[in-house]
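I have placed the structure first, in the form of structure tokens, so that the comments after it can refer back to it.
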Amino acid sequence: MSISRKTSLAALGAAILTISLLGGAPATAADDKDLPGWIHQEDVDLTDSSRWTLETGQAANTSSYDIPSNVSFGSTGLTVRGAAQARGNAAYTSGDAKGLDIEIPNYSRVEVTGSVPFGPGLWPALMWLRPLDSAHGEIDLMEVFGDDARPAATIHNEYGSTHRSLQGSVRWEHLPNSNPTGVHTYVMEKTPDRIVISVDGHVMLDAGPEDVRAGFDWDAIFERPGATWYPRVTLQIGCPPVEPSCGIGLPASGWKGGQIKLESLKIWRMAKPGEQQQPPVVQPPVVKPPVTQPPVVKPPVTQPPVTQPPATKPPVTQPPAPKPPVTQPPVVKPPVVKPPAVESGAFTLRPGQEIRHDYKGATAGGTAGSVTFTVPKNIGTGVMYHSLQALSSDDGKNGYRATVTLKASGTLRLTLAKVTGNKTEVLKDVVVAGRGSYAPGDDVRVSIRVVNGKVLAKAWVADASEPDWQITAKGGATAATGDNIRIMGYLSKVAPRAVTSPWSGLSAQLR
């Protein structure tokens, strides 16, 4: 939750069942004060208002005005209320509580339990963290955008033109309690080079330096020596006055109000070597192998081409005869390679998990985009739904989305949809290649283009000839769409195991 406020910038967070960095899987939150690898710091007393600073004023990206009287503290926890109550130029009032006198260590475990309101026009953030010693960085343990089908966890670098973020989520229906307004527990475990955030024992985000894209300086944001963080709870209502058609929208007619209820906030610090009989979590080397693995995957991709050019060297003497044709193709190909926004990375997905990457700025926006997804060799019976969204709004809730369905059987399905306020309307859905058209380990390319009132999409196996546009539908830029590109990866809940799914060659064409 990146918020620009009159008085300050912001961040949110929340957590439940813990992720054991030893076993790499979610574990139920224990009642013990100390946990393996973690030293209990405090259970924050939510009856004590003296450690919290309450904001007054209206943020630039909301229709609500924060007033301290909308925040209360008591035996049931910290409450932030929102109401259909005019104040100044705002149609609603809400609250914003910053725990500036609560210090969270840089390597820490934070567990929060509570509930939030749910519905159009509401942007509750049960818990998010901001640095006490820096203006840059944000960790959102939990936020919900309007009536989204999933709670989200997000990490950010600095704000402004160089802003980058990485987001993960889990659908409400996959949680033990599928009610968005019910009580849920969110847990963040932050260790060297790794941040894991879960809800009710289901991992939403598991990220390290290898997962963020170019321009996101992980070390500068998350590995600063002695860095500390503070907690924040916010409820934003409605779109900003300058953007009345934003993805969140406005509350439903007749909405009177709602509230965030933070029932508990617990903080642990990472144990030092020898501080416990078993200092397990101080073995982030166990975490680092995954950081080393992506490079292990990359070299094979880079080295074969380096070895094979020599095999092409003999024909280098023959070009004199076919020289004219050889010179002309480059004239056609530059537009494809032309965009400087060519990037690569990988989705590290657990069953039922979705990860999104948003690309902003002059080199990554526009009406056309293309990307290559690699089908994991260990996909098994799992099904992946990978998407490329063009004309994406800043919050990703508006645009046009081309999605490929990838599975071990080798069937390639392409779905084109219009996204409005985070609601998806399928425009067309086709099977573009039958069983056996690709195998685990193969690459599949997806392209989308919006031009002259039409939306075009196509998908093909990367080593096959590029086809003509396979889907055409009506569509174009609206007040709600933007100039961004979003890629999304989702692994079906029934998948037998977590997978790493690389993507590469992301490019976008400016409007």
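The values are calculated or read from the model by the stated rules, or taken from the named source; none is laboratory data. Worth saying up front: this structure is predicted, and the values here are computed from it rather than measured. Note that each Cβ is placed from the backbone with ideal geometry, even for glycine, and that neighbours are counted across all protein chains shown.
A compact table of results
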| item | result |
| --- | --- |
| Options Ile260, Ile267: the member that is assigned to a strand (DSSP E or B), under 22 Å from Asp395 (Cβ atoms) and either at pLDDT 90 or above or in the same structural domain as Gly399 (by TED's automatic domain parsing) (or both) | Ile260 |
| Ser63 vs. criteria surrounded by fewer than 21 Cβ atoms within 10 Å (Cβ to Cβ) and either touching a residue at least 24 places away in the same chain (Cβ under 8 Å) or in the same structural domain as Arg213 (by TED's automatic domain parsing) (or both) | no |
| Verdict on Val455 being β-branched (Val, Ile, Thr) and at pLDDT 90 or above | yes |
| Restricting segment 214-243 to residues that are modelled with pLDDT of 85 or more and among the charged types (D, E, K, R), the residue that is nearest to Thr93 (Cα to Cα) | Arg232 |
| Filter result (out of contact with any Gly (no Cβ under 6 Å at 6 or more places or on another chain) and of a type in the set (A, V, I, L, M)) within segment 189-213 | Ile195, Val196, Ile197, Val199, Val203, Ala207, Val212 |
| The listed residue being within 27 Å of the chain's Cα centre (by Cα), within 18 Å of Gly182 (Cβ to Cβ) and touching a residue at least 40 places away in the same chain (Cβ under 8 Å), out of Arg150, Arg109 | Arg150 |
| Wholly within segment 400-459, strands (runs of 3 or more DSSP E) carrying at least 3 residues that are in contact (Cβ under 8 Å) with a residue 12 or more places away in the chain and crowded, with 20+ Cβ neighbours inside 10 Å | 412-420, 443-451 |
| Criterion: surrounded by fewer than 18 Cβ atoms within 10 Å (Cβ to Cβ), closer than 30 Å to Leu205 by Cβ and small (Gly, Ala, Ser) - qualifying residue of Ser504, Ser492 | Ser492 |
| Every residue from segment 68-94 that is among the hydrophobic types (A, V, I, L, M, F, W, C) and buried (at least 20 other Cβ atoms within 10 Å of the Cβ) | Val71, Leu78, Val80, Ala90 |
| Given (1) polar (S, T, N, Q); (2) touching a strand residue (DSSP E or B) at 6+ places or on another chain (Cβ under 7 Å); (3) at pLDDT 95 or above, number of the condition Ser169 does not satisfy | (3) |
| Residues of segment 163-218 classified as closer than 30 Å to Ile39 by Cα, in a loop (DSSP other than H, G, I, E, B), touching a His at 6+ places or on another chain (Cβ under 8 Å) and in contact (Cβ under 8 Å) with a residue 24 or more places away in the chain, total | 2 |
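Per-residue answers, yes or no, for (1) assigned by TED's automatic domain parsing to the domain that holds Leu349; (2) within 27 Å of Gly146 (Cα to Cα); (3) touching a strand residue (DSSP E or B) at 6+ places or on another chain (Cβ under 7 Å):
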position	(1), (2), (3)
Ala368	yes, no, yes
Val375	yes, no, yes
Val404	yes, yes, yes
Leu414	yes, no, yes
Val426	yes, yes, yes
Ala433	yes, no, yes
Asp443	yes, no, yes
Lys454	yes, no, yes
Ala464	yes, no, no
